[in-house]
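The values are calculated or read from the model by the stated rules, or taken from the named source; none is laboratory data. These numbers were taken from a predicted model, which means no experiment stands behind them. As a convention, Cβ positions derive from the backbone with ideal geometry for all residues, glycine included, and neighbour counts pool all protein chains shown.
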Amino acid sequence: MTIPEDSLFPVYMSERILDVIKGICKKYDIEVFGYLVGEIFKWRKDLYVIIEEQVFVKAGTESTQYTVAQIQGSAGKYEEEFQKLKQMKNNENLRIVGWWHSHPNFGCFLSSTDVKTQKFFFPESYQVALVIDPIKEYFKFFSLDKSSDNGYKPINFAIISTD
């Protein structure tokens, strides 16, 4: 496949963070989720995001390892952990650019509940959903799409190598 020189993907993600998320998903046979953290950029008229970190949300567990931060699930605790991450990275431009969650052994798509979650919590045009099937070892990014029958569409992405 040839990609035009002036192409822009809506999502760029660090390979390191993708590997962290995949590792978390493989540990659980139930759905788990977290937040995608990165920066928003504009090229010409198009917005795109670079995902640099993630926050793993797991009720009742805490960790100070921010790349796999497990938090208690309350909004206050989440906000506290997110602010610590921004300070640790010394980057005030970090934003929640979407969310990730697993679909163990049932494929990569957005369920009607997922679409509602995206609309309510991640409605901005740059905010994305990453769905990972850790059993089938497959993942896909999605965004909302009002013109689609199911309310969403798969989107292109690029994985940034950490080598």
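On the given criteria, is Ala129 touching a His at 6+ places or on another chain (Cβ under 8 Å), touching a residue at least 12 places away in the same chain (Cβ under 8 Å) and of a type in the set (Gly, Ala, Ser)?
Taking the combined requirement at face value, the residue satisfies it.
Considering only residues that are of a type in the set (S, T, N, Q), out of contact with any Lys or Arg (no Cβ under 7 Å at 6 or more places or on another chain) and not in a strand (DSSP E or B), which ones fall in region 102-144?
Hits for region 102-144 are Ser111, Ser112, Thr113, Thr117, Gln118, Ser125, Gln127.
With respect to the numbered conditions (1) acidic (Asp, Glu); (2) loosely packed, with under 15 Cβ neighbours inside 10 Å; (3) at pLDDT 90 or above, which one is the sole condition not fulfilled by Asp29?
(3)
Sort out which residues of region 110-124 are under 14 Å from the mean Cα position of the chain (by Cα) and of a type outside the set (Val, Ile, Thr), and write them in order of number.
Correct list: Leu110, Asp114, Gln118, Phe121, Phe122, Pro123, Glu124.
Between residues in region 135-152 that are on the phi < 0 side of the Ramachandran plot and surrounded by 15 or more Cβ atoms within 10 Å (Cβ to Cβ) and residues that are charged (D, E, K, R) and assigned to a strand (DSSP E or B), which pairs lie under 7 Å by C-beta distance while being six or more apart or on different chains?
Phe142/Lys153; Ser143/Lys153
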